[in-house]
Amino acid sequence: MCADSNMDITEPLARMHHVALTVADIAVAVAWYRQRFNCRLLYQDMTWGFLQFDNINLALVTPGQHPGHVAFAVDLEQVATAGPVQLHRDGTQSTYIDDGQGNSVELIHDPSSI
């Protein structure tokens, strides 16, 4: 699912956007995080949950939807330069790259945070 990219991003990254964890049951995982931490539910369906904390967002995904990854907020040009652009259901656009160590890194453009 991740494109291999040797292209360096020379512009500084604005911020870390989210971390994604793979879970077996979205509803159970969302409930667990909300009961234990002061976070806000931004979105939830059967395959994806998105929680907002003060300093970062947490995506909960089911196996096969997205790889576990870290995501950095970048502009759309940086997304397009790094790999094929995917449009997501929440209006964000991103691409996945491999960090050379077997980890997935998402470069994401979120027009709602501009």
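Read-outs throughout are calculated quantities, based only on the coordinates presented, and are distinct from any laboratory measurement. Remember, predicted model here, so these are calculated numbers, not experimental data. Glycine also receives a Cβ, built like all others from the backbone with ideal geometry; neighbour counts cover every protein chain displayed.
Could you tell me which label, among [x] 2, 9, 14, 13, 10, 7, 6, 6, 6, 7, 6, 5, 4, 3, 2, 1, 0, 0; [y] 2, 10, 16, 17, 13, 11, 8, 6, 5, 4, 3, 2, 2, 1, 0, 0; [z] 2, 12, 21, 25, 19, 13, 6, 2, 0, carries the value of P(r) over Cα pairs in 5 Å bins from 0, in percent calculated for this structure? Looking at P(r) over Cα pairs in 5 Å bins from 0, in percent for this model, the match is [z]. Taking a Cβ cut-off of under 15 Å around Thr47, the surrounding Lys, Arg, Asp and Glu residues balance to a net charge of -2, with basic ones at +1 and acidic ones at -1.
Which percentage, to the nearest 5, of the DSSP beta bridges contained in the chain is antiparallel? DSSP beta bridges in the chain are roughly 65 percent antiparallel. The label-point distance for Asp75 and His88, in a model that sets each label 7 Å from Cα toward Cβ, rounds to 2.1 nm. Place a point 7 Å from the Cα of Gln65 along the Cα-to-Cβ direction; which residues of the stretch 16-35 have their backbone N under 13 Å from it? Zone members listed by number: 20-31. In the chain, the longest principal axis of the Cα atoms and the axis of helix 26-36 are about 80 degrees apart.
Could you sort the peptides 50-56, 72-78 by per-residue average Cβ neighbour count (10 Å cutoff), highest mean leading?
Numbers: 50-56: 13.7, 72-78: 17.1.
Put in order of decreasing packing, that is 72-78, 50-56.
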